[in-house]
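Colleague: I am attaching a structure below and will ask some questions about it afterwards.
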Amino acid sequence: MDKDVLRAREATNGTMALILAGGRGSRLHQLTNTRTKPAVYFGGKYRIIDFVLSNCINSGIRRIGVVTQYKSHSLLRHLQIGWSFLRNQFNEYLDLLPAQQRMDEVHWYRGTADAVYQNLDIIRDHQQKYILILAGDHIYKMDYAKLLLDHISSGKPLTVACIQVPRTEASAYGVMEIDKNGTIISFQEKPRNPGGMPDNPDMTLISMGIYVFDAKALYEMLDEDEQMDDSQHDFGRDIIPRMVKRGLAHAHDFAKSCVTNRAKKQIYWRDVGTVDSFWAANMDLASVTPDLDIYDQEWPIWTSQVHLPSAKYVQDLNGASSIVRNSVISAGVILSGSSIWSSVLFYNVRVHSFCFINEVVAFPDCIIHRGCRLTRVILDRHCELPRNLVVGENAELDGNRFYRSEGGVTLITRAMLALLRKNEPDLFEGYDEYCSGRN
(Lines give C-alpha, C1' and ligand atoms only; values in the text may rest on other atoms or scores of the structure.)
Protein backbone atom coordinates (compact mmCIF):
# COMPACT_ATOMS: atom_id res chain seq x y z
CA MET A 1 0.00 0.00 0.00
CA ASP A 2 1.22 3.53 -0.84
CA LYS A 3 3.03 5.24 2.06
CA ASP A 4 0.90 8.39 1.72
CA VAL A 5 -2.26 6.31 1.95
CA LEU A 6 -0.95 4.60 5.09
CA ARG A 7 -0.03 7.96 6.66
CA ALA A 8 -3.47 9.36 5.84
CA ARG A 9 -5.20 6.32 7.30
CA GLU A 10 -3.11 6.53 10.46
CA ALA A 11 -3.92 10.24 10.80
CA THR A 12 -7.67 9.85 10.33
CA ASN A 13 -7.81 6.83 12.66
CA GLY A 14 -6.22 8.97 15.35
CA THR A 15 -8.65 11.88 14.92
CA MET A 16 -11.93 12.87 16.51
CA ALA A 17 -13.98 15.50 14.66
CA LEU A 18 -16.04 17.97 16.70
CA ILE A 19 -18.72 19.78 14.72
CA LEU A 20 -19.93 23.02 16.30
CA ALA A 21 -23.61 23.03 15.34
CA GLY A 22 -25.23 25.28 17.91
CA GLY A 23 -25.25 28.51 15.90
CA ARG A 24 -28.32 30.73 15.94
CA GLY A 25 -27.85 31.99 12.36
CA SER A 26 -29.71 35.25 13.04
CA ARG A 27 -28.77 36.75 9.64
CA LEU A 28 -30.96 34.10 8.02
CA HIS A 29 -33.87 35.78 9.81
CA GLN A 30 -37.05 33.67 9.96
CA LEU A 31 -35.36 30.61 8.40
CA THR A 32 -33.83 29.93 11.82
CA ASN A 33 -36.87 30.75 13.92
CA THR A 34 -37.54 27.05 14.50
CA ARG A 35 -34.18 25.42 13.65
CA THR A 36 -30.49 26.01 14.13
CA LYS A 37 -28.52 27.16 11.08
CA PRO A 38 -26.83 23.77 10.39
CA ALA A 39 -30.32 22.21 10.15
CA VAL A 40 -31.53 24.60 7.44
CA TYR A 41 -32.49 22.86 4.20
CA PHE A 42 -30.17 23.22 1.21
CA GLY A 43 -29.92 22.09 -2.40
CA GLY A 44 -33.22 20.31 -2.87
CA LYS A 45 -32.43 17.36 -0.61
CA TYR A 46 -29.91 18.15 2.11
CA ARG A 47 -29.40 20.02 5.35
CA ILE A 48 -26.39 22.34 5.63
CA ILE A 49 -24.68 20.08 8.19
CA ASP A 50 -24.70 17.16 5.72
CA PHE A 51 -21.72 18.67 3.88
CA VAL A 52 -19.32 18.73 6.83
CA LEU A 53 -20.52 15.29 7.96
CA SER A 54 -20.03 13.88 4.46
CA ASN A 55 -16.54 15.38 4.35
CA CYS A 56 -15.74 13.46 7.53
CA ILE A 57 -17.04 10.13 6.20
CA ASN A 58 -15.42 10.54 2.77
CA SER A 59 -12.11 11.52 4.43
CA GLY A 60 -12.11 8.38 6.56
CA ILE A 61 -13.03 10.09 9.86
CA ARG A 62 -15.75 8.09 11.60
CA ARG A 63 -15.37 9.34 15.16
CA ILE A 64 -17.55 12.43 15.32
CA GLY A 65 -19.09 14.59 18.02
CA VAL A 66 -21.81 17.15 17.23
CA VAL A 67 -22.07 20.01 19.72
CA THR A 68 -25.61 21.45 19.81
CA GLN A 69 -27.41 24.23 21.61
CA TYR A 70 -29.85 26.58 19.85
CA LYS A 71 -33.22 25.08 18.78
CA SER A 72 -31.65 21.70 18.15
CA HIS A 73 -34.68 19.41 17.87
CA SER A 74 -34.87 19.47 14.07
CA LEU A 75 -31.11 18.89 13.83
CA LEU A 76 -31.10 16.02 16.34
CA ARG A 77 -33.98 14.30 14.58
CA HIS A 78 -32.17 14.61 11.25
CA LEU A 79 -28.96 13.15 12.71
CA GLN A 80 -30.79 10.26 14.33
CA ILE A 81 -32.64 9.36 11.12
CA GLY A 82 -29.90 9.98 8.58
CA TRP A 83 -26.60 9.42 10.38
CA SER A 84 -27.18 6.40 12.57
CA PHE A 85 -25.22 4.00 10.33
CA LEU A 86 -21.91 4.47 12.22
CA ARG A 87 -21.20 1.35 14.30
CA ASN A 88 -19.75 1.37 17.79
CA GLN A 89 -18.60 -2.21 17.22
CA PHE A 90 -16.05 -0.84 14.73
CA ASN A 91 -15.03 2.08 16.96
CA GLU A 92 -17.20 4.44 14.96
CA TYR A 93 -19.62 6.87 16.57
CA LEU A 94 -21.67 10.02 16.23
CA ASP A 95 -21.91 11.53 19.70
CA LEU A 96 -24.55 14.21 20.32
CA LEU A 97 -23.23 16.77 22.80
CA PRO A 98 -25.91 19.23 23.99
CA ALA A 99 -25.16 22.11 26.34
CA GLN A 100 -24.65 21.54 30.09
CA GLN A 101 -22.92 18.19 29.73
CA ARG A 102 -20.59 18.86 32.66
CA MET A 103 -22.18 18.25 36.04
CA ASP A 104 -20.52 21.27 37.66
CA GLU A 105 -21.77 23.76 35.05
CA VAL A 106 -25.05 25.63 35.32
CA HIS A 107 -24.82 27.87 32.23
CA TRP A 108 -25.18 27.37 28.51
CA TYR A 109 -22.18 27.48 26.20
CA ARG A 110 -20.47 30.84 26.52
CA GLY A 111 -18.47 30.56 23.30
CA THR A 112 -17.09 28.03 20.84
CA ALA A 113 -14.13 27.13 23.08
CA ASP A 114 -16.42 26.75 26.09
CA ALA A 115 -18.64 24.40 24.05
CA VAL A 116 -15.64 22.09 23.69
CA TYR A 117 -14.44 22.63 27.27
CA GLN A 118 -17.79 21.63 28.76
CA ASN A 119 -17.49 18.29 26.94
CA LEU A 120 -13.80 17.77 27.69
CA ASP A 121 -14.31 14.70 29.86
CA ILE A 122 -16.19 12.95 27.04
CA ILE A 123 -13.60 13.97 24.45
CA ARG A 124 -10.68 12.80 26.59
CA ASP A 125 -12.29 9.41 27.10
CA HIS A 126 -11.96 8.69 23.38
CA GLN A 127 -8.16 9.08 23.65
CA GLN A 128 -7.58 10.47 20.17
CA LYS A 129 -4.30 12.05 19.09
CA TYR A 130 -5.81 14.88 17.05
CA ILE A 131 -8.97 16.93 17.47
CA LEU A 132 -10.53 18.40 14.33
CA ILE A 133 -12.80 21.37 15.09
CA LEU A 134 -15.36 22.10 12.36
CA ALA A 135 -18.11 24.64 11.82
CA GLY A 136 -21.39 22.95 10.99
CA ASP A 137 -22.85 25.74 8.87
CA HIS A 138 -20.69 26.04 5.72
CA ILE A 139 -21.07 24.50 2.26
CA TYR A 140 -17.89 22.96 0.82
CA LYS A 141 -16.14 19.67 -0.02
CA MET A 142 -12.79 19.06 1.66
CA ASP A 143 -10.48 16.09 2.16
CA TYR A 144 -9.66 16.34 5.86
CA ALA A 145 -7.00 13.63 5.50
CA LYS A 146 -4.89 16.06 3.44
CA LEU A 147 -5.44 18.73 6.08
CA LEU A 148 -4.29 16.35 8.81
CA LEU A 149 -1.14 15.37 6.89
CA ASP A 150 -0.30 19.05 6.41
CA HIS A 151 -0.84 19.61 10.14
CA ILE A 152 1.53 16.77 11.04
CA SER A 153 4.17 17.97 8.56
CA SER A 154 4.11 21.51 9.97
CA GLY A 155 5.17 20.39 13.44
CA LYS A 156 2.85 23.00 14.99
CA PRO A 157 0.22 22.04 17.58
CA LEU A 158 -2.46 24.02 15.73
CA THR A 159 -3.40 24.27 12.07
CA VAL A 160 -6.02 26.71 10.76
CA ALA A 161 -7.54 26.19 7.30
CA CYS A 162 -7.66 29.40 5.29
CA ILE A 163 -9.04 30.80 2.05
CA GLN A 164 -8.88 34.12 0.21
CA VAL A 165 -12.05 36.24 0.01
CA PRO A 166 -12.70 39.77 -1.32
CA ARG A 167 -11.53 42.36 1.18
CA THR A 168 -15.02 43.91 1.29
CA GLU A 169 -16.40 40.64 2.77
CA ALA A 170 -13.57 39.83 5.18
CA SER A 171 -14.88 41.71 8.23
CA ALA A 172 -17.28 38.80 8.92
CA TYR A 173 -14.39 36.36 9.51
CA GLY A 174 -11.14 35.81 11.35
CA VAL A 175 -8.44 37.60 9.32
CA MET A 176 -4.93 36.12 9.11
CA GLU A 177 -1.42 37.04 8.06
CA ILE A 178 1.20 34.37 7.42
CA ASP A 179 4.93 34.29 6.75
CA LYS A 180 6.67 32.48 3.88
CA ASN A 181 6.74 29.21 5.87
CA GLY A 182 2.99 29.20 6.49
CA THR A 183 3.23 30.20 10.15
CA ILE A 184 0.39 32.50 11.20
CA ILE A 185 1.90 35.77 12.47
CA SER A 186 -1.33 37.75 12.98
CA PHE A 187 -4.97 36.85 13.66
CA GLN A 188 -7.90 39.24 14.20
CA GLU A 189 -11.45 38.09 14.70
CA LYS A 190 -13.92 40.10 12.59
CA PRO A 191 -11.94 43.36 12.28
CA ARG A 192 -13.89 46.40 11.11
CA ASN A 193 -11.35 47.34 8.47
CA PRO A 194 -9.44 44.24 7.36
CA GLY A 195 -6.29 44.68 5.34
CA GLY A 196 -5.49 43.16 1.97
CA MET A 197 -2.83 40.63 1.12
CA PRO A 198 0.68 41.88 0.25
CA ASP A 199 0.47 40.60 -3.33
CA ASN A 200 -3.25 41.34 -3.79
CA PRO A 201 -4.69 44.26 -1.79
CA ASP A 202 -8.24 43.50 -2.92
CA MET A 203 -8.23 40.04 -1.30
CA THR A 204 -7.90 39.02 2.36
CA LEU A 205 -6.82 35.71 3.88
CA ILE A 206 -9.44 34.45 6.32
CA SER A 207 -10.00 31.50 8.66
CA MET A 208 -12.58 28.96 7.50
CA GLY A 209 -13.43 28.01 11.08
CA ILE A 210 -11.63 24.68 10.60
CA TYR A 211 -8.92 23.85 13.17
CA VAL A 212 -6.70 20.83 13.82
CA PHE A 213 -5.21 20.58 17.31
CA ASP A 214 -2.81 18.15 18.83
CA ALA A 215 -5.15 16.84 21.51
CA LYS A 216 -2.73 17.49 24.37
CA ALA A 217 -2.22 21.12 23.28
CA LEU A 218 -5.97 21.68 22.99
CA TYR A 219 -6.64 20.37 26.49
CA GLU A 220 -3.91 22.59 27.95
CA MET A 221 -5.19 25.69 26.14
CA LEU A 222 -8.78 25.10 27.23
CA ASP A 223 -7.76 24.58 30.86
CA GLU A 224 -5.73 27.79 30.70
CA ASP A 225 -8.57 29.70 29.05
CA GLU A 226 -11.05 28.63 31.71
CA GLN A 227 -8.93 30.34 34.37
CA MET A 228 -8.89 33.70 32.55
CA ASP A 229 -11.55 36.12 33.77
CA ASP A 230 -11.28 38.38 30.72
CA SER A 231 -11.72 35.59 28.17
CA GLN A 232 -14.80 35.23 25.97
CA HIS A 233 -14.04 31.50 25.78
CA ASP A 234 -14.05 31.55 22.00
CA PHE A 235 -11.63 29.99 19.53
CA GLY A 236 -11.51 32.96 17.18
CA ARG A 237 -11.33 35.64 19.85
CA ASP A 238 -9.17 33.93 22.48
CA ILE A 239 -7.59 30.52 21.80
CA ILE A 240 -6.32 31.10 18.25
CA PRO A 241 -4.87 34.61 18.84
CA ARG A 242 -3.11 33.37 21.98
CA MET A 243 -1.48 30.50 20.13
CA VAL A 244 -0.57 32.76 17.20
CA LYS A 245 1.30 35.10 19.56
CA ARG A 246 3.30 32.11 20.78
CA GLY A 247 4.18 31.06 17.24
CA LEU A 248 2.21 27.80 17.53
CA ALA A 249 -0.22 28.12 14.61
CA HIS A 250 0.18 26.93 11.03
CA ALA A 251 -1.99 27.97 8.05
CA HIS A 252 -3.38 25.35 5.68
CA ASP A 253 -4.26 26.52 2.18
CA PHE A 254 -7.74 25.20 1.31
CA ALA A 255 -6.65 24.82 -2.32
CA LYS A 256 -4.53 21.83 -1.23
CA SER A 257 -7.47 19.84 0.14
CA CYS A 258 -10.56 21.17 -1.67
CA VAL A 259 -12.51 18.53 -3.60
CA THR A 260 -13.29 20.55 -6.71
CA ASN A 261 -15.77 20.31 -9.53
CA ARG A 262 -13.87 18.34 -12.18
CA ALA A 263 -15.28 20.45 -15.00
CA LYS A 264 -14.32 23.79 -13.46
CA LYS A 265 -11.55 23.06 -10.93
CA GLN A 266 -13.23 25.79 -8.89
CA ILE A 267 -12.27 26.29 -5.23
CA TYR A 268 -15.67 26.29 -3.53
CA TRP A 269 -16.53 27.37 0.02
CA ARG A 270 -19.67 29.26 1.01
CA ASP A 271 -20.78 30.74 4.29
CA VAL A 272 -24.51 30.81 3.57
CA GLY A 273 -25.11 33.08 6.53
CA THR A 274 -27.46 35.62 4.93
CA VAL A 275 -30.70 35.26 3.02
CA ASP A 276 -29.00 36.55 -0.14
CA SER A 277 -25.96 34.25 0.07
CA PHE A 278 -28.17 31.27 0.90
CA TRP A 279 -30.42 31.95 -2.09
CA ALA A 280 -27.41 32.49 -4.40
CA ALA A 281 -25.78 29.19 -3.35
CA ASN A 282 -29.00 27.33 -4.14
CA MET A 283 -29.27 29.12 -7.49
CA ASP A 284 -25.75 27.94 -8.35
CA LEU A 285 -26.94 24.33 -8.09
CA ALA A 286 -29.67 25.06 -10.64
CA SER A 287 -27.18 26.45 -13.18
CA VAL A 288 -25.95 24.45 -16.18
CA THR A 289 -22.49 23.79 -14.67
CA PRO A 290 -22.59 24.53 -10.93
CA ASP A 291 -19.45 25.52 -9.03
CA LEU A 292 -20.38 22.86 -6.46
CA ASP A 293 -20.61 19.33 -7.86
CA ILE A 294 -23.14 17.33 -5.85
CA TYR A 295 -23.24 14.63 -8.53
CA ASP A 296 -19.68 13.44 -7.88
CA GLN A 297 -20.07 9.75 -6.98
CA GLU A 298 -16.51 9.58 -5.66
CA TRP A 299 -17.32 12.22 -3.00
CA PRO A 300 -21.04 11.76 -2.29
CA ILE A 301 -23.04 14.01 -0.01
CA TRP A 302 -24.94 11.81 2.43
CA THR A 303 -28.24 12.70 4.06
CA SER A 304 -31.39 11.14 5.47
CA GLN A 305 -33.47 9.50 2.75
CA VAL A 306 -37.17 10.27 2.42
CA HIS A 307 -38.89 7.40 0.61
CA LEU A 308 -41.09 9.09 -1.96
CA PRO A 309 -42.22 8.45 -5.54
CA SER A 310 -40.45 10.12 -8.43
CA ALA A 311 -41.25 13.68 -9.46
CA LYS A 312 -44.15 13.98 -11.91
CA TYR A 313 -45.06 16.57 -14.57
CA VAL A 314 -48.68 16.65 -15.73
CA GLN A 315 -50.78 18.93 -17.94
CA ASP A 316 -52.64 21.98 -16.72
CA LEU A 317 -56.43 22.33 -16.84
CA ASN A 318 -56.24 23.37 -20.51
CA GLY A 319 -54.02 20.46 -21.50
CA ALA A 320 -50.75 22.44 -21.72
CA SER A 321 -47.55 20.78 -20.48
CA SER A 322 -45.13 21.99 -17.83
CA ILE A 323 -41.96 23.79 -18.88
CA VAL A 324 -38.87 23.24 -16.72
CA ARG A 325 -35.53 24.98 -17.37
CA ASN A 326 -32.30 24.69 -15.35
CA SER A 327 -33.97 23.55 -12.13
CA VAL A 328 -33.51 21.01 -9.35
CA ILE A 329 -36.69 18.95 -8.89
CA SER A 330 -36.76 16.50 -5.99
CA ALA A 331 -38.74 13.34 -5.29
CA GLY A 332 -42.45 13.64 -4.66
CA VAL A 333 -42.80 16.92 -6.56
CA ILE A 334 -45.87 17.31 -8.79
CA LEU A 335 -45.97 20.06 -11.42
CA SER A 336 -49.30 20.74 -13.15
CA GLY A 337 -48.72 22.64 -16.38
CA SER A 338 -46.60 25.48 -14.97
CA SER A 339 -43.30 27.10 -15.92
CA ILE A 340 -40.34 26.48 -13.61
CA TRP A 341 -37.15 28.43 -14.36
CA SER A 342 -33.86 28.32 -12.42
CA SER A 343 -35.45 27.02 -9.24
CA VAL A 344 -34.80 24.46 -6.49
CA LEU A 345 -37.87 22.50 -5.36
CA PHE A 346 -37.47 20.21 -2.36
CA TYR A 347 -39.43 17.02 -1.90
CA ASN A 348 -43.25 16.96 -1.80
CA VAL A 349 -43.68 20.41 -3.35
CA ARG A 350 -46.90 20.86 -5.33
CA VAL A 351 -47.20 23.47 -8.10
CA HIS A 352 -50.70 23.82 -9.53
CA SER A 353 -51.77 25.06 -12.97
CA PHE A 354 -50.78 28.34 -14.67
CA CYS A 355 -47.95 29.25 -12.28
CA PHE A 356 -44.70 30.99 -13.22
CA ILE A 357 -41.87 30.08 -10.84
CA ASN A 358 -38.54 31.85 -11.44
CA GLU A 359 -35.44 31.67 -9.20
CA VAL A 360 -37.39 30.17 -6.31
CA VAL A 361 -36.17 27.94 -3.47
CA ALA A 362 -39.14 25.97 -2.09
CA PHE A 363 -38.57 23.92 1.07
CA PRO A 364 -40.35 20.56 1.57
CA ASP A 365 -44.13 20.22 1.59
CA CYS A 366 -44.92 23.62 0.07
CA ILE A 367 -48.07 24.08 -2.01
CA ILE A 368 -48.26 26.76 -4.70
CA HIS A 369 -51.81 27.17 -5.87
CA ARG A 370 -53.11 28.07 -9.31
CA GLY A 371 -51.93 31.25 -11.06
CA CYS A 372 -49.08 32.28 -8.73
CA ARG A 373 -46.13 34.28 -10.09
CA LEU A 374 -42.98 34.09 -7.97
CA THR A 375 -39.57 35.60 -8.70
CA ARG A 376 -36.51 35.49 -6.38
CA VAL A 377 -38.38 33.86 -3.49
CA ILE A 378 -37.55 31.48 -0.64
CA LEU A 379 -40.49 29.49 0.74
CA ASP A 380 -40.05 27.98 4.19
CA ARG A 381 -41.41 24.52 4.87
CA HIS A 382 -45.18 23.90 4.72
CA CYS A 383 -45.97 27.23 3.08
CA GLU A 384 -49.25 27.19 1.15
CA LEU A 385 -49.74 30.11 -1.21
CA PRO A 386 -53.21 31.34 -2.20
CA ARG A 387 -54.26 31.50 -5.85
CA ASN A 388 -52.82 34.26 -8.06
CA LEU A 389 -50.33 35.53 -5.47
CA VAL A 390 -47.63 37.67 -7.12
CA VAL A 391 -44.26 38.05 -5.38
CA GLY A 392 -41.08 39.60 -6.76
CA GLU A 393 -42.60 42.30 -8.97
CA ASN A 394 -43.37 45.04 -6.44
CA ALA A 395 -40.59 45.59 -3.90
CA GLU A 396 -42.63 47.84 -1.60
CA LEU A 397 -45.58 45.47 -1.48
CA ASP A 398 -43.33 42.46 -0.89
CA GLY A 399 -41.53 44.29 1.94
CA ASN A 400 -44.84 45.09 3.63
CA ARG A 401 -46.15 41.55 3.38
CA PHE A 402 -43.02 39.45 3.90
CA TYR A 403 -39.28 39.76 4.58
CA ARG A 404 -37.37 41.27 1.65
CA SER A 405 -33.55 41.18 1.73
CA GLU A 406 -31.14 43.86 0.60
CA GLY A 407 -30.49 41.84 -2.54
CA GLY A 408 -34.19 41.69 -3.42
CA VAL A 409 -34.93 38.13 -2.27
CA THR A 410 -38.32 37.64 -0.61
CA LEU A 411 -38.58 35.15 2.25
CA ILE A 412 -42.03 33.74 3.04
CA THR A 413 -42.98 31.67 6.10
CA ARG A 414 -46.21 30.17 7.39
CA ALA A 415 -46.43 32.84 10.08
CA MET A 416 -46.18 35.57 7.44
CA LEU A 417 -48.93 33.94 5.38
CA ALA A 418 -51.18 33.70 8.45
CA LEU A 419 -50.68 37.43 9.07
CA LEU A 420 -51.30 38.18 5.39
CA ARG A 421 -54.61 36.32 5.56
CA LYS A 422 -55.60 38.42 8.54
CA ASN A 423 -54.56 41.74 6.98
CA GLU A 424 -55.67 41.07 3.38
CA PRO A 425 -58.58 38.63 3.54
CA ASP A 426 -59.56 39.38 -0.08
CA LEU A 427 -56.50 37.46 -1.25
CA PHE A 428 -57.94 34.34 0.36
CA GLU A 429 -61.54 34.75 -0.81
CA GLY A 430 -62.91 31.30 -1.66
CA TYR A 431 -59.57 29.84 -0.55
CA ASP A 432 -60.92 27.18 1.82
CA GLU A 433 -63.49 25.96 -0.69
CA TYR A 434 -60.86 25.88 -3.42
CA CYS A 435 -58.32 24.01 -1.28
CA SER A 436 -60.87 21.37 -0.42
CA GLY A 437 -60.83 20.41 -4.10
CA ARG A 438 -57.05 20.81 -4.50
CA ASN A 439 -57.37 21.88 -8.15
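Colleague: Could you grab me the full set of residues in region 74-90 that are out of contact with any Ser or Thr (no Cβ under 8 Å at 6 or more places or on another chain) and among the polar types (S, T, N, Q)?
Modeller: Of all residues in region 74-90, those out of contact with any Ser or Thr (no Cβ under 8 Å at 6 or more places or on another chain) come to 77, 79-80, 84-90.
Matches in region 74-90: GLN80, SER84, ASN88, GLN89.
Colleague: Conditions: (1) within 20 Å of GLY22 (Cβ to Cβ); (2) touching an Asp or Glu at 6+ places or on another chain (Cβ under 9 Å); (3) touching a residue at least 40 places away in the same chain (Cβ under 8 Å); (4) not small (Gly, Ala, Ser). ASN58 meets all but one. Number of the miss?
Modeller: (1)
Colleague: I would also like to ask the following. Which one of the conditions (1) surrounded by fewer than 24 Cβ atoms within 10 Å (Cβ to Cβ); (2) in contact with a Phe, Trp or Tyr (Cβ under 8 Å, 6 or more places away or on another chain); (3) at pLDDT 95 or above; (4) closer than 20 Å to GLY23 by Cα does TYR46 fail to meet, given that it meets all the rest?
Modeller: Exception for TYR46: condition (2).
Colleague: Here is a list: ASP316, ASP291. Which entry is touching an Asp or Glu at 6+ places or on another chain (Cβ under 8 Å), at pLDDT below 95 and not small (Gly, Ala, Ser)?
Modeller: Unique residue meeting the criteria: ASP291.
Colleague: Let me ask another. Considering every residue within region 313-321, establish whether at least one is in contact with a helix residue (DSSP H, G or I) (Cβ under 8 Å, 6 or more places away or on another chain), in a loop (DSSP other than H, G, I, E, B) and open to solvent by 30 Å² or more (accessible area, probe 1.4 Å).
Modeller: The answer is no; no qualifying residue exists.
Colleague: For region 153-173, state whether one or more residues are of a type outside the set (S, T, N, Q), on the phi > 0 side of the Ramachandran plot and surrounded by 15 or more Cβ atoms within 10 Å (Cβ to Cβ).
Modeller: no
Colleague: Please enumerate the residues belonging to region 242-264 that are more than 19 Å from LYS180 (Cα to Cα) and either touching a Phe, Trp or Tyr at 6+ places or on another chain (Cβ under 8 Å) or not charged (D, E, K, R) (or both).
Modeller: The initial filter retains those residues of region 242-264 that are more than 19 Å from LYS180 (Cα to Cα), namely 242, 257-264.
The answer is SER257, CYS258, VAL259, THR260, ASN261, ALA263.
Colleague: Another question about this same structure. Just the residues that are open to solvent by 60 Å² or more (accessible area, probe 1.4 Å) and either over 29 Å from the mean Cα position of the chain (by Cα) or under 23 Å from SER353 (Cα atoms) (or both), please, taken from region 401-417.
Modeller: Listed by number, the list holds a single entry, ARG414.
Colleague: Looking at ARG62, is it farther than 26 Å from MET416 by Cα, modelled with pLDDT of 90 or more and surrounded by fewer than 21 Cβ atoms within 10 Å (Cβ to Cβ)?
Modeller: Details: farther than 26 Å from MET416 by Cα: yes; modelled with pLDDT of 90 or more: yes; surrounded by fewer than 21 Cβ atoms within 10 Å (Cβ to Cβ): yes.
Answer is yes for this residue.
Colleague: Go through the residues of region 101-113 one by one and say whether even a single one is at pLDDT 85 or above, polar (S, T, N, Q) and in contact with a helix residue (DSSP H, G or I) (Cβ under 8 Å, 6 or more places away or on another chain).
Modeller: Of region 101-113, the ones at pLDDT 85 or above are 112-113.
Pick out the ones that are also polar (S, T, N, Q) and you get 112.
Still in the running and in contact with a helix residue (DSSP H, G or I) (Cβ under 8 Å, 6 or more places away or on another chain): 112.
Yes, region 101-113 contains a residue that is at pLDDT 85 or above, polar (S, T, N, Q) and in contact with a helix residue (DSSP H, G or I) (Cβ under 8 Å, 6 or more places away or on another chain).
Colleague: Of a type in the set (Val, Ile, Thr), under 24 Å from THR15 (Cβ atoms) and under 26 Å from the mean Cα position of the chain (by Cα): which single residue out of VAL275, VAL244, VAL212 fits that description?
Modeller: Numbers: VAL275 fails: under 24 Å from THR15 (Cβ atoms); VAL244 fails: under 26 Å from the mean Cα position of the chain (by Cα).
Exactly one residue qualifies, and that residue is VAL212.
Colleague: Pull out all pairs, ordered by first then second residue, where Cβ-Cβ is under 6 Å, the residues are six or more apart or on different chains, the first lies in region 133-153 and is more than 23 Å from LEU96 (Cα to Cα) and of a type in the set (Phe, Trp, Tyr), and the second is modelled with pLDDT under 95 and buried (at least 21 other Cβ atoms within 10 Å of the Cβ).
Modeller: none
Colleague: For region 251-283, what are the residues that are hydroxyl-bearing (Ser, Thr, Tyr), open to solvent by 30 Å² or more (accessible area, probe 1.4 Å) and in a loop (DSSP other than H, G, I, E, B)?
Modeller: If the condition is that a residue be hydroxyl-bearing (Ser, Thr, Tyr), open to solvent by 30 Å² or more (accessible area, probe 1.4 Å) and in a loop (DSSP other than H, G, I, E, B), then THR260, THR274 are the ones that fit.
Colleague: Specify the residue that is surrounded by the fewest Cβ atoms within 10 Å (Cβ to Cβ); the eligible residues are those in region 123-137 that are within 21 Å of the chain's Cα centre (by Cα) and at pLDDT below 95.
Modeller: By that ranking, first place goes to ALA135.
Colleague: Quick one: in region 1-27, which of the residues that are closer than 24 Å to TYR109 by Cα and of a type in the set (A, V, I, L, M) is most open to solvent (accessible area, probe 1.4 Å)? Show your work before the answer.
Modeller: Let us first name the residues in region 1-27 that are closer than 24 Å to TYR109 by Cα, namely 15-27.
Filter again for of a type in the set (A, V, I, L, M), leaving 16-21.
On the way: MET16: 0, ALA17: 0, LEU18: 1, ILE19: 0, LEU20: 36, ALA21: 1 Å².
Looking at the filtered set, the residue picked out is LEU20.
Colleague: Which one of ASN348, ASN358 is more than 24 Å from LYS422 (Cβ to Cβ), part of a strand (DSSP E or B) and among the polar types (S, T, N, Q)?
Modeller: ASN358
Colleague: Same structure, new question: I'm trying to understand the selection: among the residues of region 184-200, which are in contact with a strand residue (DSSP E or B) (Cβ under 6 Å, 6 or more places away or on another chain) and outside any loop (DSSP other than H, G, I, E, B)?
Modeller: If the condition is that a residue be in contact with a strand residue (DSSP E or B) (Cβ under 6 Å, 6 or more places away or on another chain) and outside any loop (DSSP other than H, G, I, E, B), then ILE184, ILE185, SER186, PHE187, GLN188, GLU189, MET197 are the ones that fit.
Colleague: Among VAL361, VAL351, VAL333, which is the only one that is open to solvent by less than 10 Å² (accessible area, probe 1.4 Å) and either closer than 22 Å to GLN30 by Cα or of a type in the set (Ser, Thr, Tyr) (or both)?
Modeller: The match here is VAL361.
The values are calculated or read from the model by the stated rules, or taken from the named source; none is laboratory data. Since we're looking at a predicted model, the values are computed, not measured. Every residue, glycine as well, gets a Cβ built from its backbone with ideal geometry; the counts of neighbours run over all protein chains shown. The protein model used for the area step is the full one, side chains on, heavy atoms only, and it has no ligands, DNA or RNA in it. Shrake-Rupley method; radii C 1.70, N 1.55, O 1.52, S 1.80 Å.
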